[in-house]
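A.B. asks: Can you read through this structure? Questions will come right after.
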Amino acid sequence: MNTSKTVDVCIPVYKPDACFAGLLKRLAEQAYPVQNIWIINTEEQYWDTSLEKGYPHCHVKHIFKEEFNHGGTRRILAEQSHSDLMLFMTQDALPADRHLVGNLVSAFADPQVKAAYARQLPAKDCRLLERYTRQFNYPAHSRTKGQEDLQELGIKTFFCSNVCAMYEKTAYLKQGGFARRTIFNEDMIYAGNLIRAGYKVRYQADAKVIHSHNYSNSQQFHRNFDLAVSQAEFPEIFSGYPSEGEGLRLVKSTAGYVCRKGKPWLVIRLFTSSVSKYAGYFLGKRYRKLPLWLVKRCTTDPGYFQ
């Protein structure tokens, strides 16, 4: 195995649990060596110092909750790293095997690729609808995306997920890094800038993490509100590439899937979930026209709006 490129892992953390401990363990077991693990923990009182034991290259920085920002916090993590490649992960993503890091590194054999993201597999407790969403968004085949794919893929061209995504540090610095302030979507904003600059983003299907959520309708509403706010704040990336078409395609595909599975009653749950998502997205795109009190009721992060 050619390990000439150095890799650091960067993880923002809040109230770490057993899943995060498992993530550290699996990172230590990777066939492709990780040089450093950089962690920013929100609220020091929630940090268990025993997590650092056994991981000599694990570095922790503590911040207050009000200092956290999806883009800004990851910028701080990137500043700590001096590796060739930076692997950003969330605390609830588990490498599915020992080859996650190595398979992501292999994506950069193409010199045009400056970002690569992993396939997300459902956890054991994942419900059927979310299980299919994982399959829809993270198929079994890899793909390299660039400007030439915009007509076919639309907004999906910019799709990239910091649940598990690797970035070339030189290109990251050249492009100015993650947005300094964004409520959500810092990964797609950065990927969009890469593609607009003529670079490529790689979906690396053989790099796999276990990651899924069983969100309630209310949680879906709030997440999609924040997603739409981020799109409204960065029209230079998202203008002209609306998410509605891709969302409708997912709904239709999911409805067909549950019917083929012999569970047509799940279409009702799909409908209510989809309405919640769209309502959040619709309001989020128009958040500047809403009263501040309503915006703060709709978002997951009221402190973002002042």
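The values are calculated or read from the model by the stated rules, or taken from the named source; none is laboratory data. Being a predicted model, the structure only gives us computed values, none of them experimental. We place every Cβ from the backbone using ideal geometry, glycine too, and count neighbours over all the protein chains shown. For accessibility, only protein heavy atoms count, side chains too; no ligands or nucleic acids. Shrake-Rupley method; radii C 1.70, N 1.55, O 1.52, S 1.80 Å.
A.B. asks: Looking at the stretch 287-306 only, could you name the residues that are in a loop (DSSP other than H, G, I, E, B) and out of contact with any helix residue (DSSP H, G or I) (no Cβ under 8 Å at 6 or more places or on another chain)?
C.D. replies: Hits for the stretch 287-306 are P291, Q306.
A.B. asks: What tally of residues in the stretch 16-33 results from selecting those that are of a type in the set (A, V, I, L, M, F, W, C) and out of contact with any helix residue (DSSP H, G or I) (no Cβ under 9 Å at 6 or more places or on another chain)?
C.D. replies: Residues meeting the conditions: 4.
A.B. asks: If you go through the stretch 74-81 one residue at a time, do you hit one that is outside any loop (DSSP other than H, G, I, E, B), more than 19 Å from R180 (Cα to Cα) and open to solvent by 20 Å² or more (accessible area, probe 1.4 Å)?
C.D. replies: no
A.B. asks: Among the residues of the stretch 252-271, which ones are surrounded by 12 or more Cβ atoms within 10 Å (Cβ to Cβ) and touching a residue at least 24 places away in the same chain (Cβ under 8 Å)?
C.D. replies: S253, T254, Y257, V258, K263, L266, R269, L270
A.B. asks: Just to be sure I understand, how many residues within the stretch 36-59 are open to solvent by less than 60 Å² (accessible area, probe 1.4 Å) and either assigned to a helix (DSSP H, G or I) or farther than 21 Å from Y167 by Cβ (or both)?
C.D. replies: Count: 7.
A.B. asks: Hey, another quick one. Quick one: would you say N185 is of a type outside the set (S, T, Y) and either farther than 29 Å from E29 by Cα or open to solvent by 20 Å² or more (accessible area, probe 1.4 Å) (or both)?
C.D. replies: yes
A.B. asks: Let me spell it out: the conditions are (1) closer than 18 Å to E246 by Cβ; (2) open to solvent by 50 Å² or more (accessible area, probe 1.4 Å); (3) over 16 Å from the mean Cα position of the chain (by Cα); (4) in contact (Cβ under 8 Å) with a residue 12 or more places away in the chain, and R180 meets all of them except one. Which number is the exception?
C.D. replies: Going through the list (1) closer than 18 Å to E246 by Cβ; (2) open to solvent by 50 Å² or more (accessible area, probe 1.4 Å); (3) over 16 Å from the mean Cα position of the chain (by Cα); (4) in contact (Cβ under 8 Å) with a residue 12 or more places away in the chain, R180 breaks only (1).
A.B. asks: Okay, moving on. If I filter the stretch 58-78 for residues that are within 18 Å of T170 (Cβ to Cβ) and either free of Cβ contacts under 8 Å to residues at least 40 places away in the same chain or charged (D, E, K, R) (or both), do I get at least one hit?
C.D. replies: Yes - at least one qualifying residue is present in the stretch 58-78.
A.B. asks: Give the residues of the stretch 60-76 that are among the hydrophobic types (A, V, I, L, M, F, W, C) and over 21 Å from V163 (Cβ atoms), sorted by residue number.
C.D. replies: F64, the sole residue that qualifies.
A.B. asks: Something else now. Name the residue that is nearest to the chain's Cα centre (by Cα), counting only residues in the stretch 287-306 that are open to solvent by 80 Å² or more (accessible area, probe 1.4 Å) and touching a residue at least 24 places away in the same chain (Cβ under 8 Å).
C.D. replies: The extreme case among them is T300.
A.B. asks: Here is a further query. Please state which of the following conditions G262 fails to meet, knowing it meets all the rest: (1) part of a helix (DSSP H, G or I); (2) on the phi > 0 side of the Ramachandran plot.
C.D. replies: (1)
A.B. asks: Among the residues of the stretch 200-231, what is the count of those that are open to solvent by 20 Å² or more (accessible area, probe 1.4 Å) and in a helix (DSSP H, G or I)?
C.D. replies: Counting residues in the stretch 200-231 that are open to solvent by 20 Å² or more (accessible area, probe 1.4 Å) and in a helix (DSSP H, G or I) gives 9.
A.B. asks: Within the stretch 256-283, take every residue that is aromatic (F, W, Y) and over 22 Å from the mean Cα position of the chain (by Cα) and give me the one that is nearest to L129 (Cα to Cα).
C.D. replies: Y257
A.B. asks: In addition: Answer with yes or no whether E236 is acidic (D, E), under 19 Å from N224 (Cβ atoms), out of contact with any His (no Cβ under 8 Å at 6 or more places or on another chain) and assigned to a helix (DSSP H, G or I).
C.D. replies: Spelling it out, it is not the case that E236 is acidic (D, E), under 19 Å from N224 (Cβ atoms), out of contact with any His (no Cβ under 8 Å at 6 or more places or on another chain) and assigned to a helix (DSSP H, G or I).
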